[in-house]
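Below you'll find the structure, written out as structure tokens, and then a few comments.
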Amino acid sequence: MAIDKKMEQAFNEQINKEYYSEYLYMLMKAHFAEMNLNGFVNWMNVQMQEEKAHAEGMYDYVLRRGGHIELYAIDKPELKGSTPVEIFRQILEHEEYVTSRINHVMDVADEVKDRAALSFLNWYIKEQVEEEENVGGVLATLELIGEDKQALLSLDKELAQRIFNQPVIE
Ligand code: OFO
């Protein structure tokens with residue numbers, strides 16, 4: 001059964017949001033590179049790859065369902081602050097927004113009774129829980145750190161350990 005047009009559009013819009021996320025993290029990566037916080041640079045780099053994988057997962061799914069891909073222009077990302085804590089506050093706010101958009105795609109799947117899409121989207125629902133948890137964890141540490149430069153450098157070392165694992169989205 002071909003994918004419903006409304007469902008297809010919701011996926012295409014979400015693909016755009018995922019690429020916007022990649023773009024936003026790319027901007028943040030450059031910002032941290034300018035601050036010489038290379039662990040944060042690594043964290044952003046992994047995050048960028050994750051966002052690309054999220055977009056590609058939906059892209060492949062639409063094609064597998066016989067749908068049509070439409071790529072929209074990606075908005076210009078802007079930083080809402082400059083310190084690590086401000087950047088991570090922005091990330092948490094952004095990921096909460098993405099969660100609400102994934103919920104919207106789920107709502108459309110519900111509305112058009114697309115059970116395959118509902119099952120596929122479960123992966124994204126769980127992934128958003130993880131994203132918010134990870135980001136919230138770093139943010140809580142940054143809030144504890146305050147002005148302590150030594151503690152910031154040790155967090156930077158910790159973030160340098162993050163590695164990208166290509167997710168299997170199906
Ligand atoms: Fe794709 O999870 Fe972040 O935005």
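When residues of region 80-93 are filtered for being away from the ligand (no atom under 14 Å from the Cβ) and either under 13 Å from the mean Cα position of the chain (by Cα) or not in a helix (DSSP H, G or I) (or both), how many remain?
Count: 4.
Out of Glu50, Glu22, Glu8, report the one residue that is within 16 Å of the ligand (Cβ to nearest atom), more than 16 Å from Arg162 (Cα to Cα), of a type outside the set (A, V, I, L, M) and surrounded by 14 or more Cβ atoms within 10 Å (Cβ to Cβ).
Glu22
I need a count of the residues in region 114-136 that are in a helix (DSSP H, G or I), of a type in the set (Asp, Glu) and surrounded by 19 or more Cβ atoms within 10 Å (Cβ to Cβ).
The qualifying residues number 2.
Evaluate region 137-144: report whether one residue or more is surrounded by fewer than 15 Cβ atoms within 10 Å (Cβ to Cβ) and not small (Gly, Ala, Ser).
Yes, that holds for at least one residue.
Can you tell me how many residues within region 36-89 are closer than 13 Å to Val138 by Cβ and touching a residue at least 40 places away in the same chain (Cβ under 8 Å)?
11
When the residues of region 61-79 are filtered to those that are within 15 Å of the ligand (Cβ to nearest atom) and either within 17 Å of the chain's Cα centre (by Cα) or of a type in the set (D, E, K, R) (or both), which remaining residue is nearest to Leu121 (Cα to Cα)?
Among them, the one singled out is Ile74.
Taking the criterion of being within 23 Å of Gln49 (Cα to Cα), modelled with pLDDT of 95 or more and either within 16 Å of the ligand (Cβ to nearest atom) or of a type in the set (Asp, Glu) (or both), would at least one residue in region 142-149 satisfy it?
No; the residues of region 142-149 include none that is within 23 Å of Gln49 (Cα to Cα), modelled with pLDDT of 95 or more and either within 16 Å of the ligand (Cβ to nearest atom) or of a type in the set (Asp, Glu) (or both).
Could you tell me how many of the residues in region 83-110 are among the hydroxyl-bearing types (Ser, Thr, Tyr) and under 18 Å from Leu159 (Cα atoms)?
Residues flagged as among the hydroxyl-bearing types (Ser, Thr, Tyr) and under 18 Å from Leu159 (Cα atoms) within region 83-110 amount to 1.
For Ile169, indicate whether it is in a loop (DSSP other than H, G, I, E, B) and touching a Gly at 6+ places or on another chain (Cβ under 6 Å).
Spelling it out, Ile169 is indeed in a loop (DSSP other than H, G, I, E, B) and touching a Gly at 6+ places or on another chain (Cβ under 6 Å).
Tell me, please, whether a residue that is assigned to a helix (DSSP H, G or I), aliphatic (A, V, I, L, M), more than 24 Å from Ala117 (Cα to Cα) and out of contact with any strand residue (DSSP E or B) (no Cβ under 7 Å at 6 or more places or on another chain) can be found in region 46-58.
Yes, because at least one residue in region 46-58 is assigned to a helix (DSSP H, G or I), aliphatic (A, V, I, L, M), more than 24 Å from Ala117 (Cα to Cα) and out of contact with any strand residue (DSSP E or B) (no Cβ under 7 Å at 6 or more places or on another chain).
Of the numbered conditions (1) over 22 Å from Met48 (Cβ atoms); (2) away from the ligand (no atom under 14 Å from the Cβ); (3) surrounded by 11 or more Cβ atoms within 10 Å (Cβ to Cβ), Asn103 satisfies every one except a single condition; which is it?
If we test Asn103 against (1) over 22 Å from Met48 (Cβ atoms); (2) away from the ligand (no atom under 14 Å from the Cβ); (3) surrounded by 11 or more Cβ atoms within 10 Å (Cβ to Cβ), just (2) comes out false.
Counting only residues that are over 16 Å from Tyr124 (Cα atoms) and either buried (at least 22 other Cβ atoms within 10 Å of the Cβ) or within 12 Å of the ligand (Cβ to nearest atom) (or both), how many does region 33-47 have?
The total comes to 4.
The values are calculated or read from the model by the stated rules, or taken from the named source; none is laboratory data. Source: prediction; values computed, not measured. Quick reminder, even Gly has a Cβ in these numbers, built from the backbone with ideal geometry, and neighbours come from all protein chains shown.
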